[in-house]
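Scroll down for the structure; my scribbles are underneath it.
The values are calculated or read from the model by the stated rules, or taken from the named source; none is laboratory data. What you are looking at is a predicted structure, and each value in this text was computed from that prediction instead of being measured. Here Cβ is always computed from backbone atoms with ideal geometry, including for glycine, and neighbour counts include all displayed protein chains. For the accessible areas, the whole protein counts, side chains as well, though only heavy atoms, and no ligand, DNA or RNA atoms are used. Shrake-Rupley method; radii C 1.70, N 1.55, O 1.52, S 1.80 Å.
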Amino acid sequence: MDLKAFSQKFYTEIVNGEMKPVLDALVTLRKLGVWTEVVYLVIPTLNDGDPEFRALARWFKTYLGSDVPLHFSRFYPQYLLKNLPPTPLATLERAKAACDAEGLHYVYIGNVPGHAAEKTYCPKCRRVVVDREGYSIKSVRIRGGKCQDCQQRIAGVWG
C-alpha cells in the first residue's frame with residue numbers, strides 16, 4: 001500500500017486528500033491479519049525531512065509493529081514533478097536509519113539497483129534470508145517461515 005508522506009500538509013497540497021484514512025486503512029489491515037507492505041516514495045523537498053522520517057518510524061512501530069515491511073523508493077522526475085531531482089541515496093539511507101533506530105525489522109530501499117537494503121536480513125542473526133536484485137530473487141534462506149541459520153521467525157507469507 002502506498003503512503004505518500006507522513007504529513008497532512010503534503011496530502012493537502014500535493015495529493016489533494018487526507019492522510020488519516022490511509023493510516024486508518026493500514027491499521028485495519030494489520031488488525032485483520034492481512035499481509036501488507038508499505039511503499040513510501042521519497043520526493044526531494046516534499047516529503048524527505050528527517051523529522052517526518054522519525055515520526056513515521058515511531059507511528060509505524062506503535063500502530064503496525066516491527067515486522068511490517070516498509071519500502072523507501074527513490075523518486076525520479078517524470079509526469080507532473082519534472083522540476084525535482086532524483087532522490088539522493090543519502091536521503092533514502094537517512095530514512096532507513098530512522099526506522100532501523102526505532103526497531104523496525106524490514107526496511108528496504110528501492111529503485112537503487114544493487115543496494116544492500118533491497119535484501120531481507122534476519123532480524124536476529126543479520127544474515128541475508130532473501131537475496132534480491134531489483135525484481136529478481138537470487139536465493140531464499142527461509143524454511144518453515146524461519147531463518148535457516150538461527151531459526152528466527154521471519155515475518156511474511158511463506159508457502
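Some points to look at:
- Of all residues making up segment 57-97, the number that are of a type in the set (A, V, I, L, M, F, W, C), touching a helix residue (DSSP H, G or I) at 6+ places or on another chain (Cβ under 7 Å) and farther than 19 Å from Asp2 by Cβ: 0
- You will find that of Thr87, Thr120, the residue that is under 12 Å from Arg132 (Cα atoms) and either touching a Cys at 6+ places or on another chain (Cβ under 7 Å) or among the hydroxyl-bearing types (Ser, Thr, Tyr) (or both) is Thr120 and no other.
- Whichever residue in segment 79-113 is closer than 26 Å to Gln152 by Cβ and among the small types (Gly, Ala, Ser) and, among such residues, is least open to solvent (accessible area, probe 1.4 Å): Ala95
- Residues that are in a loop (DSSP other than H, G, I, E, B) and either among the hydroxyl-bearing types (Ser, Thr, Tyr) or within 17 Å of Val38 (Cα to Cα) (or both), drawn from segment 113-125: Lys119
Residues checked against (1) among the aliphatic types (A, V, I, L, M); (2) open to solvent by 30 Å² or more (accessible area, probe 1.4 Å); (3) under 20 Å from Pro123 (Cα atoms):
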| position | (1), (2), (3) |
| --- | --- |
| Leu23 | yes, no, no |
| Leu32 | yes, yes, no |
| Trp35 | no, yes, yes |
| Val38 | yes, no, yes |
| Tyr63 | no, yes, yes |
| Ser66 | no, no, yes |
| Phe75 | no, no, no |
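- Lys138 meets the stated requirement of being without any contact (Cβ under 8 Å) to a residue 12 or more places away in the chain and either more than 18 Å from Phe10 (Cα to Cα) or not in a loop (DSSP other than H, G, I, E, B) (or both).
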